[in-house]
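Since the structure comes first, as structure tokens, the remarks are kept for the end.
Every read-out reported here was derived from the displayed coordinates using simple, explicitly stated rules and does not represent laboratory data. Just so it is clear, the model here is predicted, and its values are computed rather than measured. Here the Cβ positions follow ideal geometry from the backbone for every residue, glycine too, while neighbour counts run over all protein chains shown.
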Amino acid sequence: MRRVDVARVLGEETTTEDLFVSSIGGILDDWWNHRPGGEDNTMSVSILGSVSSTALGLAIALPHRRVVAIETDGSMLMNLGVLCTLGAERPPNLTVVVLDNGLYECIGSAPTLTSRNADLEQIATGAGCLNCVTVHDEEILREVLRSQLDDDELGFVVAKIEPGMQVWPAEKKRYTDGVEDKYRFIRHVERLEGIVVHASSPHV
């Protein structure tokens, strides 16, 4: 299973009403081309280890809204403590999908510890997370997502993927950066929820 396959299946199994927090790296262009709906439903965070914690806060703040964290093994390993918080809080509207290729692929393919003995499914289970599962192919991933996205329980999916990245033509590459993504995401949430998250400075 490739990274782009996970992005495609996830995009097909979610809706424009869902919110996403994504890691950076190889997933950015894949998700840009497969996410459901418009361009503003995904917050891409640039600090490894902050994806699931950001998604957790979002899920707690908006308990009626489905939230998906698109994690990577490298990011997850940078903040294993968040699994204990997820296991304690267990937000029923949050699903975490970890793209695990055993590599820090975008910075030279140094191996992560999941290439050795670390098992993120078992670590998450031990931390108290619910519905932890590891998948290796698209159809099982689709079945798991259909179940976890609608079961009103925390979900944790480790998607084992092959090394390698989809090469997208220039016109299909994501053209925004993290700063722009943040503000577009905030405005998107404001429109969805009819609330003010971040008020603009008054004109002088």
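Total residues in region 150-164 satisfying the condition of being more than 18 Å from residue 97 (Cα to Cα) and buried (at least 16 other Cβ atoms within 10 Å of the Cβ): the figure is 0. Applying the condition of being out of contact with any Leu (no Cβ under 9 Å at 6 or more places or on another chain) and in a strand (DSSP E or B) to region 88-103 and asking which residue is nearest to residue 159 (Cα to Cα) yields 99.
Within region 144-185, the set of residues being closer than 26 Å to residue 111 by Cα and in a helix (DSSP H, G or I) comprises just one member, 178. Candidates are the residues of region 110-143 that are outside any loop (DSSP other than H, G, I, E, B) and small (Gly, Ala, Ser); the one that is surrounded by the most Cβ atoms within 10 Å (Cβ to Cβ) is 124.
Please tell me if residue 89 is under 22 Å from residue 138 (Cα atoms) and acidic (Asp, Glu). When the stated conditions are applied, residue 89 does not pass them.
On inspection, residue 177 does not qualify as among the acidic types (Asp, Glu) and in contact (Cβ under 8 Å) with a residue 12 or more places away in the chain. Apart from one condition, residue 61 fits all of (1) buried (at least 24 other Cβ atoms within 10 Å of the Cβ); (2) within 27 Å of residue 180 (Cβ to Cβ); (3) of a type in the set (A, V, I, L, M, F, W, C); the exception is (1).
When region 180-197 is examined, which residues are found to be without any contact (Cβ under 8 Å) to a residue 24 or more places away in the chain and within 23 Å of the chain's Cα centre (by Cα)? Steps first, answer last, please.
Just the residues of region 180-197 that are without any contact (Cβ under 8 Å) to a residue 24 or more places away in the chain, to begin with: 180, 183, 186, 190-191, 194-197.
Of everything in region 180-197, those that are without any contact (Cβ under 8 Å) to a residue 24 or more places away in the chain and within 23 Å of the chain's Cα centre (by Cα) turn out to be 180, 183, 186, 190, 191, 197.
Scanning region 40-93 for residues being within 15 Å of the chain's Cα centre (by Cα) and at positive phi gives a total of 1.
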